[in-house]
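Since the structure comes first, as structure tokens, the remarks are kept for the end.
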Amino acid sequence: MTVTLVPALPALPALPDRPATADPLGVLGVPGQINLDYAASAPCARAAADAVAELLPWYASVHRGAGALSRRCTLAYERARQTVGDFLGARADDHVIFTRNTTDAVNLLARALPAGTTVVTFAGEHHANLLPWPRGSVRLPVPESPAGAVRALDAALGELRRVGTGSEPAPRSGATVAGAARPGPPVLVAVTAASNVTGERWPVAELARVAHRHSARILVDAAQLAPHAPVDLAALDVDYLALSGHKLYAPFGAGVLVGRSDWLDAAPPYLAGGGATGHVGAATHDVRWTTGPARHEAGTPNLLGAVALAAVCAALAGADREALHAREQRLLARLRTGLAALPHVVELRTFAPDAPRVGIVSFVVAGRDSAEVAAHLATAHQIGVRDGLFCAHPLARRLLAEAAARSGRRDLPPTALRASIGLGSTVAEVDRLVAALAALG
């Protein structure tokens, strides 16, 4: 495909309520409303909103038109792909495929698995990383520590190899799939980078080393880690990565699957339709599917979602991530310390209290229904939190039982509350939540 460049758009004029130098990582919000539900959907970053507003007058078809508008939109879409790939450390031969969200990305990979693939997951995963996998997948118990996760995976993969269902060796450092020996059906390890229930970080690099030692591939669900810390496929040495734009301050309906091309190019298209074909003949099944990301992006793509996601990636890439992380960790520590001081509040956790984590805390209020507490916080204090089991029912139920045993309380509710913070969160908001919960004691 040839893309003809068109002149760049002039910069947007400053809006009446926003200076020309507005922080691209500032987030939009409603005055008076306290949003502590970033883990579900983060607010929109100014960078995403501005990128969409700038492109909207030019909006036209992607990959399908010869006019200036279409050429510009095609260029914007493919530049977005490059920006997102660079942000995530994609390698030269990786595919960057735009999807709707992490769930869509994981389902795409599940559909692309070679026949006979065994998938190994942990019971601590979000439903998006539990439900799409084929029958015969292995679900390991929730580990008690990051080191326990590494040992459990090592043992499980060793057993798979022992019984003769080991995988093809994952190509390493310039090796090619074509030249790799194939002792048995492939194995894919699928693991989260940070829990959407507790915020605890998983030892992704160590798990990747174990997977590759046993000739398995690894998919990382980075939906909850990417908004809080850098994620680099090459540095972590993982094979596939999925994330959602709506959790990364770009809530315009785009996600991404990034990773090795061979399985994706060999699989049937995720959707059959325009854009995914190289040739369609007169006969019913006379179709030649294209390779590359377009194979799995049939139909008109979500241009605005891709551009918004890329804009946030570019803004984060240019920011001081260490400073942002340190600020968030101070807020997180303040929140957890405040909750720990309330005798009627019990925090949920998988690992030790000091395990590394991102800005997510789940907890229960003893003797109080979690849905009623969430409704009270919203109506009486204008604080938005999440309640329920957080699309991770096996993990949440286990942690609720462990919280009851650890605290010795018999009056904990069957569901939990979750507060999550991010770029726009403040000390005052954290303190408002703690004070509101203290008043329920």
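The values are calculated or read from the model by the stated rules, or taken from the named source; none is laboratory data. Note that the coordinates shown come from a computational prediction; the quantities given were computed from them, not determined experimentally. Here the Cβ positions follow ideal geometry from the backbone for every residue, glycine too, while neighbour counts run over all protein chains shown.
Worth pointing out:
- Entry remark, the stretch 242-279: residues being polar (S, T, N, Q) and either part of a loop (DSSP other than H, G, I, E, B) or in contact (Cβ under 8 Å) with a residue 40 or more places away in the chain (or both) number 2 in total.
- Elements of type helices (runs of 4 or more DSSP H) in the stretch 367-441, at least 3 residues being under 23 Å from F122 (Cα atoms): 393-407
Residue-by-condition table, conditions (1) under 30 Å from T198 (Cβ atoms); (2) assigned to a helix (DSSP H, G or I); (3) out of contact with any helix residue (DSSP H, G or I) (no Cβ under 6 Å at 6 or more places or on another chain); (4) of a type outside the set (K, R):
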position	(1), (2), (3), (4)
G65	no, no, yes, yes
L69	no, yes, no, yes
L75	no, yes, yes, yes
G85	yes, yes, yes, yes
A92	no, no, yes, yes
H95	no, no, no, yes
A110	yes, yes, yes, yes
E125	yes, no, yes, yes
L131	yes, no, yes, yes
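- Selected residue (only one of P394, P413, P343, P353 is within 20 Å of the chain's Cα centre (by Cα) and more than 23 Å from G29 (Cα to Cα)): P394
- Test: residue in the stretch 148-163 that is in a loop (DSSP other than H, G, I, E, B), modelled with pLDDT under 95 and over 19 Å from A355 (Cα atoms): yes
- Lone qualifier among A80, A40 - being surrounded by fewer than 20 Cβ atoms within 10 Å (Cβ to Cβ) and either closer than 21 Å to Q224 by Cα or at pLDDT 95 or above (or both): A40
- From the list A123, A105, A128, A115, the one residue that fits, being surrounded by fewer than 16 Cβ atoms within 10 Å (Cβ to Cβ) and within 20 Å of the chain's Cα centre (by Cα), is A123.
- Test: residue in the stretch 227-241 that is among the aliphatic types (A, V, I, L, M), under 29 Å from A326 (Cα atoms), out of contact with any Pro (no Cβ under 6 Å at 6 or more places or on another chain) and in a strand (DSSP E or B): yes
- Just one of the listed residues (G292, G305, G274, G259) is under 27 Å from I218 (Cβ atoms) and in contact with a Ser or Thr (Cβ under 9 Å, 6 or more places away or on another chain), namely G292.
- If the condition is being more than 11 Å from T300 (Cβ to Cβ), out of contact with any His (no Cβ under 7 Å at 6 or more places or on another chain) and in contact (Cβ under 8 Å) with a residue 12 or more places away in the chain, then the stretch 60-75 contributes A68, R71, R72, L75.
- Within the stretch 288-307, restricting attention to residues that are touching a residue at least 12 places away in the same chain (Cβ under 8 Å) and more than 26 Å from the chain's Cα centre (by Cα), the residue that is farthest from A48 (Cα to Cα) is W289.
- Residue check: A401 meets all listed conditions (1) surrounded by fewer than 16 Cβ atoms within 10 Å (Cβ to Cβ); (2) farther than 25 Å from L130 by Cα but one, namely (2).
- Which listed residue, of A315, A319, A310, is in contact (Cβ under 8 Å) with a residue 24 or more places away in the chain, touching a Ser or Thr at 6+ places or on another chain (Cβ under 6 Å) and not acidic (D, E): A310
- With respect to (1) of a type in the set (A, V, I, L, M, F, W, C); (2) at pLDDT 95 or above; (3) surrounded by fewer than 20 Cβ atoms within 10 Å (Cβ to Cβ), the lone exception for A51 is condition (3).
- Where a residue in the stretch 147-170 is polar (S, T, N, Q) and its partner, wherever it lies, is modelled with pLDDT under 85, with Cβ under 6 Å and at least six apart: T165/G184
- Within the set R295, R349, R288, the sole residue that is buried (at least 20 other Cβ atoms within 10 Å of the Cβ), over 30 Å from R46 (Cα atoms) and not assigned by TED's automatic domain parsing to the domain that holds R409 turns out to be R295.
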